[in-house]
1. How long are the semi-axes of the equivalent ellipsoid of the stretch 27-152, defined as square roots of 5 times the Cα gyration tensor eigenvalues? Whole Å, largest first.
2. Given a Förster radius of 22 Å and the C-beta distance between Lys23 and Ile139 as r, what FRET efficiency does 1/(1 + (r/R0)^6) yield to the nearest 0.05?
3. Could you state the orientation-averaged shadow area of the convex hull built on the Cα atoms of the stretch 18-64, in nm² to one decimal?
4. Which distance in Å, rounded to a whole number, links the C-alpha centroids of the stretch 61-102 and the stretch 1-59?
5. Run down the aspartates and glutamates and flag those whose C-alpha is under 17 Å from the C-alpha of Lys93, throwing out any fewer than 8 positions away in its chain.
6. Quick check on my link table: of Lys2/Lys150; Lys17/Lys154; Lys23/Lys150, which ones sit more than 18 Å apart, alpha carbon to alpha carbon?
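Where a number appears in this text, it was derived from the coordinates with a stated rule and is not lab data. Nothing here was measured: the structure is a model prediction, and the numbers come from that model. A quick note on method: Cβ atoms are made from the backbone with ideal geometry, for glycine too, and the neighbour counts reach across all protein chains shown.
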Amino acid sequence: MKDFLLKIIDAGYFIFKKIIPLKTYRYAICGGSNLLLDITLYFISFQFIFDKQNLDLFVVVLSPHIASLFFVFPITFFIGFLLNRFIVFSESKLSFKTQFLRYLSVALIALLLSYICMKLLVDVFDFYPTPSRFITIIITVIFSYIMQNKFSFKVE
């Protein structure tokens, strides 16, 4: 499966070869694919699963844009981890457990960052949820790439 994905991903690298390194290209393709999945699942969950309604968990009530954020997170988290571990940062010699725990810590910080951004954009500045999610994603992608490269999958 890994070799198959690498063939597909690397097929378009010749276009970008002179401007970005292979690892950055792979990160962009894997991250972009996971991002498209995230946006699609977010839209579906916001519009149809939560039907733009608050989610009452008895202990706390989540607005639909926040409920959608938390609903999508575990799905894209695991897919993102596997893509990063086996496709983007495959040269890392850190153990699976170390990579997973580091990736999880970065992902949780990114989730918190997403939560804060969404609360500000939607609840404070009254922006629409889906465009707010796009803005939030740009911020968290930059943060995540730096942290995954320098911390989670650091090549020692």
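1. Values: eigenvalues 151, 41, 36 Å².
Semi-axes from the Cα gyration tensor: 27, 14, 13 Å.
2. Computed FRET efficiency for Lys23 and Ile139: 0.55.
3. Projected area, direction-averaged: 4.7 nm².
4. Centre-to-centre (Cα) distance: 11 Å.
5. Glu156
6. Listed pairs above 18 Å: Lys2/Lys150; Lys17/Lys154.
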